[in-house]
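Enquirer: Have a look at the structure that comes next, please.
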Amino acid sequence: MIDIYPDRRVVAGSPVHLAAHLAERGWSVSLATRLGDDPDAAAVREVVRRHGVSDELIEVDQRLPTGSVTIHFQEGGGHSFHIHKPAAWDELELAGELPEADVLCYGSLIGRSETSRAALFRLLADGRYPARLFDVNLRTPDIHIGTVKRALEAATILKVSDEELGALVDLLEVNVVDDFFAAAPDLEWLAMTRGAQGAELRHRSGRSWAKGTPALEVLDAVGAGDAFAAGLVDGLVRGRPGDEALTLALEAAESILGRRGGLPTG
């Protein structure tokens, strides 16, 4: 989608950020989304290709525009979003043959539309993806409880921010964080990001690791969570120990905090 800043428009969005950061780490990545038939779509394809991500699964919608988000900055480096709708990605179908993959990465915002929600559910029911990262992205009012529950049930890796953790606990009616493992039979790893306080990684076995972050000047936190997710996937799926995977994830997030935008510089 397109992020609309006070002074510019840039190609962004969690799927693009995550895909680009994984490609930078040597992964072969296909981005599944749907764009409008408009100039913004051409800009998205150019960025995707430039970062080494395949656009073979990108669909075109003749009716709806390419998705966009207006970003409002706050004091201290924070930000808020306004996600415009409807958008082309609300009609994502994924009706054709899908490629084999070691990892399937997905979020919960896709659940705001019945069409795109059905596409995600087909992916989750496919059974061909050994690792499945669920990156929680609760955005009021676009929260579909059924999507969140199904996404968690299928996940092997769960990533959630501290801001969303309480809401997720209430939404799923669980008592404590460890109950996520009971609610998700395949869940092996749970990562909780805590902004300037770092992050924590828990394993189903009960082991856990927590790391802080150095004091950094934050110019723009947009995309930091996506970079964290890419570092986490890269570490865990390649078989790194929990503490090493957490370090990789935090370093990835820190690498973009001192500049504008969530895409890697490479």
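A short reminder: the numbers here are calculations on the coordinates, not readings from a lab. Note that the coordinates shown come from a computational prediction; the quantities given were computed from them, not determined experimentally. A quick note on method: Cβ atoms are made from the backbone with ideal geometry, for glycine too, and the neighbour counts reach across all protein chains shown.
Enquirer: Pulled fully out, how much extra length does the chain show between Asp7 and Leu98, if you take 0.36 nm times their separation in residues and subtract their Cα-Cα distance?
Expert: On the way: separation 91, 0.36 × 91 = 32.76 nm, distance 3.83 nm.
That pair, Asp7 and Leu98, stretches by 28.9 nm at full extension.
Enquirer: Right, here's the next one. Would you kindly calculate the mean projected area, averaged across all directions, of the convex hull enclosing the Cα atoms of the stretch 149-206, in square nanometres? Don't skip to the answer; put the middle values down first.
Expert: On the way: hull surface 14.7 nm².
Hull-based average projected area comes out at 3.7 nm².
Enquirer: Would you kindly state how much longer the chain becomes between Arg238 and Asp170 on full extension, computed as 0.36 nm times their sequence separation minus their alpha carbon distance, in nm to one decimal?
Expert: Numbers: separation 68, 0.36 × 68 = 24.48 nm, distance 3.29 nm.
Using 0.36 nm per residue and subtracting the Cα-Cα distance, I get 21.2 nm.
Enquirer: Ala20: net charge of surrounding residues, Cβ under 11 Å, Lys/Arg +1, Asp/Glu -1, itself excluded? It would help to have the intermediate numbers written out before the result.
Expert: Numbers: positive: Arg25, Arg49, Arg50; negative: Glu24, Asp226.
Residues near Ala20 contribute +1 overall.
Enquirer: Right, something else. Taking 0.36 nm per intervening residue step and subtracting the Cα-Cα distance, what contour gain separates Val177 from Ile145 on full extension?
Expert: Numbers: separation 32, 0.36 × 32 = 11.52 nm, distance 1.78 nm.
Gain on stretching Val177 to Ile145: 9.7 nm.
Enquirer: Still on this structure, please answer the following. Have a look at the stretch 77-170 and give its Rg and Dmax from the Cα atoms, expressed in angstrom.
Expert: Cα-based Rg and Dmax for the stretch 77-170 come out at 13.7, 42 Å.
Enquirer: How many angstrom lie between the Cα centre of the stretch 132-186 and the Cα centre of the stretch 108-126?
Expert: Cα centroid to Cα centroid, the span is 15 Å.
Enquirer: Hey, fewest Cβ within 10 Å first, where do His51, His72 land in order? Write down the numbers at each step before the final one.
Expert: Numbers: His51 21, His72 12.
Fewest to most other Cβ atoms nearby, the residues stand as His72, His51.
Enquirer: OK, next. Calculate how many DSSP beta bridges within the stretch 23-156 are antiparallel, expressed in % of all such bridges and rounded to the nearest 5.
Expert: Roughly 35 percent of the DSSP beta bridges within the stretch 23-156 come out antiparallel.
Enquirer: What FRET efficiency do you get for Thr213 and Ser28 if R0 is 25 Å and r is their Cβ-Cβ distance, rounded to the nearest 0.05?
Expert: Details: r = 30 Å, r/R0 = 1.20.
Using R0 = 25 Å, I get an efficiency of 0.25.
Enquirer: Taking θ = phi - 60°, what integer Hz values does the Karplus form 6.51 cos²θ - 1.76 cosθ + 1.60 yield along the stretch 137-145, in sequence order, with x for Gly and Pro?
Expert: Taking θ as phi minus 60°, the curve returns 9, 7, 10, 4, x, 8, 10, 10, 4 Hz for the stretch 137-145.
Enquirer: In whole Å, how far is the Cα centre of the stretch 51-105 from that of the stretch 1-49?
Expert: Going from one Cα centre to the other spans 8 Å.
Enquirer: Using a Förster distance of 51 Å, how high is the FRET efficiency between Asp186 and Gln62, based on the Cβ-Cβ distance and rounded to 0.05?
Expert: Details: r = 38 Å, r/R0 = 0.74.
For Asp186 and Gln62, the calculated efficiency is 0.85.
Enquirer: Still on this structure, I have one more. Count charges around Asp234 for me, please; just the other residues with Cβ under 9 Å from its Cβ, Lys/Arg as +1, Asp/Glu as -1. Mind showing how you got there, number by number?
Expert: Numbers: positive: Arg25, Arg238, Arg240; negative: none.
Net local charge, Asp234 excluded: +3.
Enquirer: Translational D (Stokes-Einstein, µm²/s) of the chain at 10 °C and 1.306 mPa s when Rh comes from the Kirkwood sum over C-alpha pairs? Walk me through the numbers on the way to the answer.
Expert: Values: Rh = 18.6 Å.
Rounded, D is 85 µm²/s.
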